[in-house]
Amino acid sequence: MTSTRETSLKSSKSRKSRGPSKTVVERGFRVADQIQRDLANLLRDEVKDPRIGFLTVTEVEVSPDYAHAKVFYTVLPDEPEQLLKTAEGLAACRGFLRAKLGKLLQIHQTPELHFVHDQSVAKGAYLSQIIDEANRLSNLTGSEPTPPTEA
């Protein structure tokens, strides 16, 4: 017969092995969404750095302890020179944005912001271009494209 203490230790061990609870994960998503909305508004309304042009915050990932937030963004035009200017501008206003977020968010710790250029849009456009080209070629030859064979 096991004591109550042993049972609670076992159940807490099994809970830990399953990872974070559903509510903790959901809260992390809600915090990330709120950071994304607030940063988009701050960048549009309060940041006056000319290096930051037309920027879109595409996604935010928050660490489980809310100490870090990885902020993914896209820039138009998506050219190397503009990307460099934008990265410099974001680095310069990182502290300002974090301080403003601290006032807007109602969490214990305001995350350190890490800005990352989101290349998924460019990759998606490239893949779409490849698919369009393959479809165009198959229409010219009148044949269906053949799937790649496994090696």
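Key figures for this structure:
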{"item": "Condition broken by G102, with the remaining ones in (1) loosely packed, with under 14 Cβ neighbours inside 10 Å; (2) closer than 29 Å to V25 by Cα; (3) in contact with a strand residue (DSSP E or B) (Cβ under 9 Å, 6 or more places away or on another chain) satisfied", "result": "(3)"}
{"item": "Condition broken by L83, with the remaining ones in (1) in contact with a helix residue (DSSP H, G or I) (Cβ under 8 Å, 6 or more places away or on another chain); (2) among the aliphatic types (A, V, I, L, M); (3) under 17 Å from S120 (Cβ atoms) satisfied", "result": "(1)"}
{"item": "Filter pass, F72 being part of a strand (DSSP E or B), without any contact (Cβ under 8 Å) to a residue 60 or more places away in the chain and in contact with a His (Cβ under 8 Å, 6 or more places away or on another chain)", "result": "yes"}
{"item": "Every residue from region 37-69 that is farther than 18 Å from G89 by Cα and in a helix (DSSP H, G or I)", "result": "R37"}
{"item": "Complete set of residues in region 29-66 that are buried (at least 18 other Cβ atoms within 10 Å of the Cβ) and in contact with a Ser or Thr (Cβ under 7 Å, 6 or more places away or on another chain)", "result": "I52, L55"}
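Okay, residues lined up against (1) touching a residue at least 60 places away in the same chain (Cβ under 8 Å); (2) more than 17 Å from the chain's Cα centre (by Cα); (3) surrounded by 10 or more Cβ atoms within 10 Å (Cβ to Cβ):
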| site | (1), (2), (3) |
| --- | --- |
| E88 | no, yes, yes |
| H114 | no, no, yes |
| D118 | yes, no, yes |
| E133 | no, yes, yes |
| L137 | no, yes, yes |
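Each value in this text was obtained by applying a stated rule to the coordinates, not by laboratory testing. Just so it is clear, the model here is predicted, and its values are computed rather than measured. Counting neighbours? That spans all protein chains shown, and the Cβs are built from the backbone with ideal geometry, glycine included.
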